[in-house]
Amino acid sequence: MAVLKIIEYPDPRLRIKAQPVTAVTAEHRLLADNMLETMYAAPGIGLAATQVDRHIRLLVLDVSETRDQPWCFINPEILSREGSDICEEGCLSVPGVNEPVERAARIRVRALDRDGKSFELDAEGLLAVCIQHEMDHLEGKLFVDYLSELKRSRLKKRAAKARRKDSVESSRHQPEAVR
């Protein structure tokens with residue numbers, strides 16, 4: 001398995017709408033395994049294929065405290081939503097940012113598992129929040145889209161500054177001949 005590179009906000013690839021998986025293959029299972037390894041290493045509780053520059057409708061998550069209850073959702077769709085809840089969210093594509101977001105408190109979702117078998121799941125609490133958050137990624141939407149324009153503007157500036165700093169840092173560590 002491999003740890004994949006996670007795309008960070010405001011990279012435009014995060015806005016690409018994911019395409020449905022027509023048939024689950026060994027390649028999809030390997031991608032799901034690599035995404036789980038990436039998510040655990042980050043560390044995070046969910047990861048959508050869009051975040052690793054694969055624009056297919058596949059996401060993985062594990063909200064267990066023991067980090068041993070992984071889920072794979074292929075072509076997920078929300079069948080029903082109930083209530084609303086506000087939860088502090090963060091995102092591996094928007095590191096260092098946590099903000100309150102309002103989402104449905106309970107959902108029913110249908111998807112294919114990593115073997116292509118259809119299943120339905122009733123979810124609430126953190127599991128429901130995580131599924132909705134990752135499904136947003138498949139639509140090209142990020143949790144920052146729920147924030148005010150002012151907060152999004154500040155986040156973009158902070159991300160740009162961090163990228164410039166990382167660029168300067170990495171050039172300092174390259175041999176003279178490479179620069």
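Some notes on this structure:
A quick yes/no check of all residues on (1) in contact with an Asp or Glu (Cβ under 8 Å, 6 or more places away or on another chain); (2) among the basic types (K, R):
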site	(1), (2)
R13	yes, yes
I16	no, no
R57	no, yes
S64	no, no
D68	yes, no
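- Of all the criteria given as (1) surrounded by 11 or more Cβ atoms within 10 Å (Cβ to Cβ); (2) modelled with pLDDT under 95; (3) assigned by TED's automatic domain parsing to the domain that holds G46, the one not satisfied by G96 is (1).
- Strands (runs of 3 or more DSSP E) (entirely within the stretch 88-152) containing at least 1 residues that are over 23 Å from P10 (Cβ atoms): 106-112, 118-124
- When the stretch 33-79 is limited to residues that are outside any strand (DSSP E or B) and touching a Ser or Thr at 6+ places or on another chain (Cβ under 7 Å), the one that is surrounded by the fewest Cβ atoms within 10 Å (Cβ to Cβ) turns out to be V52.
- Hits in the stretch 8-32 - residues which are within 14 Å of K117 (Cα to Cα) and surrounded by 13 or more Cβ atoms within 10 Å (Cβ to Cβ): V21, V24, H28, R29
The values are calculated or read from the model by the stated rules, or taken from the named source; none is laboratory data. Remember, it's a predicted structure, so these values are computed and weren't measured experimentally. Don't worry about glycine lacking a Cβ; one is built from the backbone with ideal geometry, like all the others, and counts go over all protein chains shown.
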